[in-house]
2 protein chains.
Amino acid sequence: MKVAIMGYGTIGSGVAKVLDTNKDIIKERLGEPLEIKYILDLRDFPDDVHAKCFVKDYKDIVKDKEVKLVVETMGGVEPAFTFVKAMLEAGKSVTTSNKALVADKGAELMKIAKDNDVNFVFEAAVGGGIPIIRTLTACLTGDVIEEISAICNGTTNYMLTNMEQYGSEYAQILSEAQSLGYAEKDPTADVEGHDSCRKIAILTSLVSGKNVDFNDIPTEGISKISSTDFKYAKSMGYSIKLIAKSVKCGDTYSCRVAPFLVKPEQMLYHVAGVMNAVSVRGNMLGESMYYGAGAGALPTASAVVGDLVFLARNTDKHVRIGWANEKLELANPSQQKYRYFVRTAALQSNIENEFDEVKYTDLDLDDETAFITAEMTEAEFNERKIALGGAKNVIRFF
Amino acid sequence: MKVAIMGYGTIGSGVAKVLDTNKDIIKERLGEPLEIKYILDLRDFPDDVHAKCFVKDYKDIVKDKEVKLVVETMGGVEPAFTFVKAMLEAGKSVTTSNKALVADKGAELMKIAKDNDVNFVFEAAVGGGIPIIRTLTACLTGDVIEEISAICNGTTNYMLTNMEQYGSEYAQILSEAQSLGYAEKDPTADVEGHDSCRKIAILTSLVSGKNVDFNDIPTEGISKISSTDFKYAKSMGYSIKLIAKSVKCGDTYSCRVAPFLVKPEQMLYHVAGVMNAVSVRGNMLGESMYYGAGAGALPTASAVVGDLVFLARNTDKHVRIGWANEKLELANPSQQKYRYFVRTAALQSNIENEFDEVKYTDLDLDDETAFITAEMTEAEFNERKIALGGAKNVIRFF
């Protein structure tokens, strides 16, 4: 069975490496080999083992009827969308690792795949090597999914783990992560939570069957988290993790991406460094968690190749996933309820005026008081916070 | 689509409950409803909501061509094997939660399913609600699986967690677990590791593609673990977990079920109570872990219903899983290498004669010395242990 790879960067060349290294076992599992016929890239790779496969025009792949399976690892929405659409319309199944494409055009591409009786899959777009997409769409299919909580960005988890372990400040660990290649030159997408936001939008679309617009999800990153926050967290026995959360709420879901205080009894507490984990609660299954490498060339490529095996096993039909183009109206996030950890310069008497029931957490800092609120809605909390004259930082309890 | 359930005990009635409770979302995912047409049980359930579905002869199901999907939740090898075989031969796909049946007859039933162009699946047979079977057979298909380490028996994990937390003795916590219904009246299969052994045999068969005889796997349970062992473990910063392990070794695998000393940096350390987890290392993916409820009516039934959705999506063809009847000759377990924790009445001079390089772990007990060996093979360790005059207890480091 012939495969085309579009985009020969880190992930695309990783896919070639997985197909080469594991060709025997893949052949055994499929009953036939997976062979790379084309690699689409504008650059030249004359010394590459697959040098003969390179093409510069995606139409060379479109018109070759022998190619039934296509990998998209270019990144970005365009021209990836145009190319993937053309492949699906030409009767080829596609797997992509491109979360921007999936978050933006997933439902549309799914419909095109269905109309052309082929498949569009994207295991590698969320959680890298963790098979969370297939778990949700092909395993936990007997359950109503009540909650998903994900540590799904390796860069920020690496940074938070380091801040916790070594007491580093945010700016210091960011430049360290950049020099190690764990964070990009422009780290906004990671550190401000946009990447995690797109991923929880995809997962929520899959479990709701409708289309979640990632712009609707309130999103905070980790750039306000300091070593002082970690000192407080430690004194309370907690850690701080950037969590993308989606909770069933009537007929819809309520989503948020933010740093949360997590305790050791919760499995996400133990997810350290660049590892990712997705915790899923089903109404019959109860709690479950899926843990693994959330990024990196080979783990991500491993997920792409797993998708290729799935596509090869299903070349004869469209496998229903249930992601309609109809928009899912998310629940009002201001009605989400949390307990809040608050650092403020306000006086204790003011705190007790605004928040009847509080628990103080003291680090003996001169210029601030820290406390934990009772559970209340975002709307109520924000009202009281304004009355208090604001806060230096606020972190929700998970 | 019509379903038959064989065996209306805890799991079988759980399956009916999942199908009833979640019928809307299952219909949405499948495009058509799953309806129970028959329930096979020798007992009468006149007040059950499905009272009209009960039959006492499995042949009533065999001969009804409308039934394409069958659930086997009777337990035990016979008559389950005879019934399942008849269903497959009649062109019906089967899902089972019965690990005894799968460990004993899995490869044979897989061949029968293939010959009849139907499917035989068993997600619920290992790890309860954790979708580890589909993860191995349909997700991590691009990887060579290098290692599987599983906490896959909820009873023993519950007991060990309690011994650790409350300092209880084995006999005391066993009788407590029995009175809570977490352990059976005859607890042998759980506490002596036989249940875990069957499960790692199934998982190893799936990743090797050949048939593992569970009788070939060296198996120790937890009945020799005492509160004193936990005191030593705690003093070293470790926990003790019953782990079923399978490691790739050339063209085959090397397996063992035994209690292991696990440290907090290892995710399995954090798996507490009745929860289960399976850690999987792929040659491309690296480390991953799958965590959830390993037992209980609804989590197990959730996995069975997930299988039903899979079977309903694949009524038109046999999906290759790759579990041949050919026997896998496991690697010689005496060549496995570990570091060992040893408690002995032998003199320190004797210990240092037999084990050159040791690290002592002292709890100030009068009648014994405890030490940790360097890494060595089982064969070498056993030779030295005999020369030492034996040991009170030995626990391997994970």
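Provide a single number: the residues in the stretch A:317-353 that are farther than 28 Å from A:Lys245 by Cα and outside any loop (DSSP other than H, G, I, E, B). Write out each step before concluding.
Initial filter on the stretch A:317-353 (farther than 28 Å from A:Lys245 by Cα): A:317-318, A:345-353.
Imposing the further condition that a residue be outside any loop (DSSP other than H, G, I, E, B) reduces the set to A:348-353.
Going through the stretch A:317-353 one residue at a time, the tally reaches 6.
Here's the yes/no breakdown for (1) buried (at least 17 other Cβ atoms within 10 Å of the Cβ); (2) under 18 Å from A:Pro218 (Cβ atoms); (3) without any contact (Cβ under 8 Å) to a residue 24 or more places away in the chain:
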position: A:Trp323; (1), (2), (3): yes, no, no
position: A:Leu330; (1), (2), (3): yes, yes, no
position: A:Ser334; (1), (2), (3): no, yes, no
position: A:Tyr338; (1), (2), (3): yes, yes, no
position: A:Ile351; (1), (2), (3): yes, no, no
position: A:Asp356; (1), (2), (3): no, no, yes
position: A:Thr373; (1), (2), (3): yes, no, no
position: A:Gly390; (1), (2), (3): no, no, no
position: A:Arg396; (1), (2), (3): yes, yes, no
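Being under 19 Å from B:Val71 (Cβ atoms), within 8 Å of chain A (Cβ to nearest Cβ) and surrounded by 19 or more Cβ atoms within 10 Å (Cβ to Cβ) narrows it down to one residue among B:Gly306, B:Gly292, B:Gly286, B:Gly282; which is it?
Just a single option satisfies the conditions, and that option is B:Gly306.
Looking at A:Ala125, A:Ala177 in this structure, which one is more than 9 Å from chain B (Cβ to nearest Cβ) and in contact with a Lys or Arg (Cβ under 8 Å, 6 or more places away or on another chain)? Spell out how you get there, then give the answer.
Working: A:Ala177 fails: in contact with a Lys or Arg (Cβ under 8 Å, 6 or more places away or on another chain).
Residue meeting the stated conditions: A:Ala125.
Hey, does the stretch A:91-98 have a residue that's out of contact with any strand residue (DSSP E or B) (no Cβ under 7 Å at 6 or more places or on another chain), farther than 20 Å from A:Met6 by Cα and in contact (Cβ under 8 Å) with a residue 24 or more places away in the chain?
Here is the first cut: in the stretch A:91-98, the ones out of contact with any strand residue (DSSP E or B) (no Cβ under 7 Å at 6 or more places or on another chain) are A:91, A:97.
Next, only the ones that are farther than 20 Å from A:Met6 by Cα stay: none.
The answer is no; no qualifying residue exists.
Take the residues in the stretch A:322-372 that are of a type in the set (Phe, Trp, Tyr) and more than 20 Å from A:Thr228 (Cα to Cα); name whichever of them is nearest to the other protein chains (Cβ to nearest Cβ).
In the first step, residues of the stretch A:322-372 are kept if they are of a type in the set (Phe, Trp, Tyr); the result is A:323, A:338, A:340-341, A:355, A:360, A:371.
This time we only want the ones that are more than 20 Å from A:Thr228 (Cα to Cα), so: A:323, A:338, A:355.
Working: A:Trp323: 11, A:Tyr338: 24, A:Phe355: 33 Å.
Per the criteria, the residue is A:Trp323.
In the stretch A:128-166, what count of residues is obtained for those that are at the interface with chain B (Cβ under 10 Å from one of its Cβ atoms), among the small types (Gly, Ala, Ser) and within 20 Å of A:Ala295 (Cβ to Cβ)?
Result for the stretch A:128-166: 2.
Just for the stretch A:170-188: of the residues that are assigned to a loop (DSSP other than H, G, I, E, B) and surrounded by 13 or more Cβ atoms within 10 Å (Cβ to Cβ), which one is modelled with the highest pLDDT? If you could, list the steps in order and put the result at the bottom.
Going through the stretch A:170-188, the residues assigned to a loop (DSSP other than H, G, I, E, B) turn out to be A:180-187.
Narrowing further to those that are surrounded by 13 or more Cβ atoms within 10 Å (Cβ to Cβ): A:182-184, A:187.
Working: A:Tyr182: 86, A:Ala183: 89, A:Glu184: 90, A:Pro187: 96.
Within the stretch A:170-188, the match that is modelled with the highest pLDDT is A:Pro187.
Can you spot a residue in the stretch A:210-225 that is in contact with a Gly (Cβ under 7 Å, 6 or more places away or on another chain), crowded, with 16+ Cβ neighbours inside 10 Å and small (Gly, Ala, Ser)? Walk me through how you get there before you give the answer.
Here is the first cut: in the stretch A:210-225, the residues in contact with a Gly (Cβ under 7 Å, 6 or more places away or on another chain) are A:219-221.
Within this subset, residues satisfying the condition of being crowded, with 16+ Cβ neighbours inside 10 Å are A:219-221.
Narrowing further to those that are small (Gly, Ala, Ser): A:221.
Within the stretch A:210-225 (the criterion being in contact with a Gly (Cβ under 7 Å, 6 or more places away or on another chain), crowded, with 16+ Cβ neighbours inside 10 Å and small (Gly, Ala, Ser)), the answer is yes, since at least one residue qualifies.
Out of the stretch A:146-190, which residues are touching a strand residue (DSSP E or B) at 6+ places or on another chain (Cβ under 8 Å) and small (Gly, Ala, Ser)?
A:Ser149, A:Ala150, A:Gly154
Within the bounds of the stretch B:147-168, is there any residue that is in a loop (DSSP other than H, G, I, E, B), surrounded by 19 or more Cβ atoms within 10 Å (Cβ to Cβ) and of a type in the set (Phe, Trp, Tyr)? Before the answer, list the steps.
Applying the first criterion (in a loop (DSSP other than H, G, I, E, B)) to the stretch B:147-168 yields B:152-153, B:167-168.
Going one step further and asking which of them are surrounded by 19 or more Cβ atoms within 10 Å (Cβ to Cβ), we end up with B:152-153.
Right, trim to of a type in the set (Phe, Trp, Tyr) and you get none.
Looking for residues that are in a loop (DSSP other than H, G, I, E, B), surrounded by 19 or more Cβ atoms within 10 Å (Cβ to Cβ) and of a type in the set (Phe, Trp, Tyr), one finds none in the stretch B:147-168, hence no.
Out of all the residues in the stretch B:109-132, which are over 20 Å from B:Met74 (Cα atoms) and buried (at least 23 other Cβ atoms within 10 Å of the Cβ)?
Once the filter is applied, which keeps residues that are over 20 Å from B:Met74 (Cα atoms) and buried (at least 23 other Cβ atoms within 10 Å of the Cβ), the stretch B:109-132 yields B:Val118, B:Ile130, B:Pro131, B:Ile132.
With a cut-off of at least 1 residues that are touching a Lys or Arg at 6+ places or on another chain (Cβ under 7 Å), name the strands (runs of 3 or more DSSP E) lying wholly within the stretch A:250-295. Step through it out loud before you land on a result.
Working: elements: A:252-262, A:275-282, A:286-293.
Those strands (runs of 3 or more DSSP E) span A:252-262, A:286-293.
Pull out all pairs, ordered by first then second residue, where Cβ-Cβ is under 9 Å, the residues are six or more apart or on different chains, the first lies in the stretch A:246-264 and is in the same structural domain as A:Arg281 (by TED's automatic domain parsing) and closer than 14 Å to A:Ile151 by Cβ, and the second is among the aromatic types (Phe, Trp, Tyr) and part of a loop (DSSP other than H, G, I, E, B).
Note: pairs meeting the criteria are A:Phe260/A:Phe398; A:Leu261/A:Tyr238; A:Leu261/A:Phe398; A:Val262/A:Tyr238; A:Val262/A:Phe398.
Write out, first by first residue and then by second, each pair whose Cβ atoms fall under 6 Å of each other, whose residues are 6+ apart or on separate chains, and whose first residue, in the stretch B:205-226, is outside the structural domain of B:Arg343 (by TED's automatic domain parsing) while the second is of a type in the set (Lys, Arg).
B:Asn211/B:Lys327; B:Phe214/B:Arg198; B:Pro218/B:Arg256
The values are calculated or read from the model by the stated rules, or taken from the named source; none is laboratory data. All values reported here derive from a predicted model rather than from experimental measurement. Heads up, the Cβs are rebuilt from the backbone with ideal geometry, glycines too, and the neighbour counts pull from every protein chain shown.
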